[in-house]
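Below you'll find the structure, written out as structure tokens, and then a few comments.
The values are calculated or read from the model by the stated rules, or taken from the named source; none is laboratory data. This one's a predicted model, so the numbers in the text were calculated from it and none came from an experiment. Positions of Cβ are generated from backbone atoms using ideal geometry, with glycine treated the same way; all protein chains shown enter the neighbour counts. Heavy atoms of the whole protein, side chains included, go into the accessibility calculation; ligands, DNA and RNA do not. Shrake-Rupley method; radii C 1.70, N 1.55, O 1.52, S 1.80 Å.
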Amino acid sequence: MTIVTLSGASLLVVLATWIVYFAKVPSGNVPARPVGSILAQFAGIALAVAAVVVGQPSGAAAWGAMVPAAFGLLMALVFLWLLTQRKTPIGDLKVAVGDTLLSFAATSSDGAAFHTDDLLGKRTLLKFFRGGW
Amino acid sequence: MKSDLDAYGVSVIALSKDSVVDAAVHKRRDGLNLTLLADPELKVIRQYGVEHHKAVEFSTMSFTLFGMPLALVPSFKVMAIPTSILVDERGKILWIDQSDDYRLRSDEDMVRQAVREAFGGQG
């Protein structure tokens, strides 16, 4: 019983944080320092470890009850690893304020040809983004 | 946000490493009302020096959770560093904002303020 409770709690804690955190992604409102989410991942890991230490699983059924904890542990580690990847290598930017836009040609999503000359006479916010997912 | 930009006659052009087809899918799926440019060969991204060499990307899966597309398979890809560049009618760069954390975008208030400071007197 202890194993089921701790194991389930591990997955629940991690899953709940994932849902709360990633629901903010489409609107771009993720916190700069997701302290709560990080603590919750550690709580999930602690619960998974506790399920083993306290519950001392033996036999197929007990290890089966550890499956949620395994998912909780894996997801927590993925979340923490992802956060370590967050920094971008800025500093190579080839333009500065006061410069003229570097001229380029590209194709738009509707297949039309685009050239920076098209922007002359227009105020523009040029955004580089990571792409759809 | 869009109305603020409209008020100052600023149009938004967004460029990513997506192909024309992917960009079209993205635009339709998210109902985007702006020009999306495709730079799958990273020509423009490299020209501007906004290349993120080893960025984590999650490839899109075909199922959704609470209406949100789920992407569960991580891989390293080259893509653009989130960067905003405000340009006037003559192509002169008035403001640049670059994210040192790919999770974060230019703050809307910051963009609004930059547009207001750049064009406020002549808007």
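Each residue in the range A:41-77 was checked for being in contact with a Pro (Cβ under 9 Å, 6 or more places away or on another chain) and either closer than 12 Å to A:Leu15 by Cα or not in a helix (DSSP H, G or I) (or both), and 2 of them qualify.
Inspection of the range B:77-92 identifies at least one residue that is within 21 Å of A:Leu120 (Cβ to Cβ), open to solvent by 40 Å² or more (accessible area, probe 1.4 Å) and not in a loop (DSSP other than H, G, I, E, B). Taking the range A:1-43 as the range and being closer than 30 Å to B:Asp109 by Cα, hydroxyl-bearing (Ser, Thr, Tyr) and in contact with a helix residue (DSSP H, G or I) (Cβ under 8 Å, 6 or more places away or on another chain) as the test, the residues that pass are A:Thr17, A:Tyr21, A:Ser37.
Going through the range A:114-129 one residue at a time, which ones are open to solvent by 30 Å² or more (accessible area, probe 1.4 Å) and either within 24 Å of B:Asp22 (Cα to Cα) or part of a loop (DSSP other than H, G, I, E, B) (or both)? Before the answer, list the steps.
Going residue by residue through the range A:114-129, those that are open to solvent by 30 Å² or more (accessible area, probe 1.4 Å) are A:115, A:117-118, A:120-122, A:127, A:129.
Residues satisfying the conditions are A:His115, A:Asp118, A:Leu120, A:Gly121, A:Lys122, A:Lys127, A:Phe129.
Listed conditions (1) farther than 13 Å from A:Leu125 by Cβ; (2) at pLDDT 95 or above are all met by B:Glu117, apart from (2).
Only one of the listed residues (B:Asp39, B:Asp4, B:Asp22) is open to solvent by less than 70 Å² (accessible area, probe 1.4 Å) and either at the interface with another protein chain (Cβ under 7 Å from one of its Cβ atoms) or at pLDDT 95 or above (or both). That residue is B:Asp39.
Would you point out the residue of the range A:83-113, among those that are basic (Lys, Arg) and part of a loop (DSSP other than H, G, I, E, B), that is least open to solvent (accessible area, probe 1.4 Å)? Explain how you work it out, then say what you get.
So the first thing to find is which residues in the range A:83-113 are basic (Lys, Arg), and the list is A:86-87, A:94.
Applying the additional criterion that residues be part of a loop (DSSP other than H, G, I, E, B) yields A:86, A:94.
On the way: A:Arg86: 78, A:Lys94: 120 Å².
The extreme case among them is A:Arg86.
Can you tell me which residue among A:Ala32, A:Ala76 is touching a strand residue (DSSP E or B) at 6+ places or on another chain (Cβ under 9 Å) and within 29 Å of B:Ala80 (Cα to Cα)?
Numbers: A:Ala76 fails: touching a strand residue (DSSP E or B) at 6+ places or on another chain (Cβ under 9 Å).
The conditions single out A:Ala32.
Screening A:Gly59, A:Gly28 for residues that are at positive phi and away from chain B (no Cβ under 13 Å) leaves exactly one candidate, A:Gly59. One residue stands out among those in the range A:43-63 that are over 29 Å from the mean Cα position of the chain (by Cα) and touching a residue at least 12 places away in the same chain (Cβ under 8 Å): the one that is surrounded by the fewest Cβ atoms within 10 Å (Cβ to Cβ), which is A:Val54.
Within the range B:93-102, being open to solvent by less than 10 Å² (accessible area, probe 1.4 Å) and either touching an Asp or Glu at 6+ places or on another chain (Cβ under 9 Å) or basic (Lys, Arg) (or both) holds for one residue alone: B:Ile93.
Within the range A:64-112, the residues that satisfy the criterion of being touching a residue at least 12 places away in the same chain (Cβ under 8 Å) and among the small types (Gly, Ala, Ser) are A:Ala65, A:Ala69, A:Ala70, A:Gly72, A:Ala76, A:Ser103.
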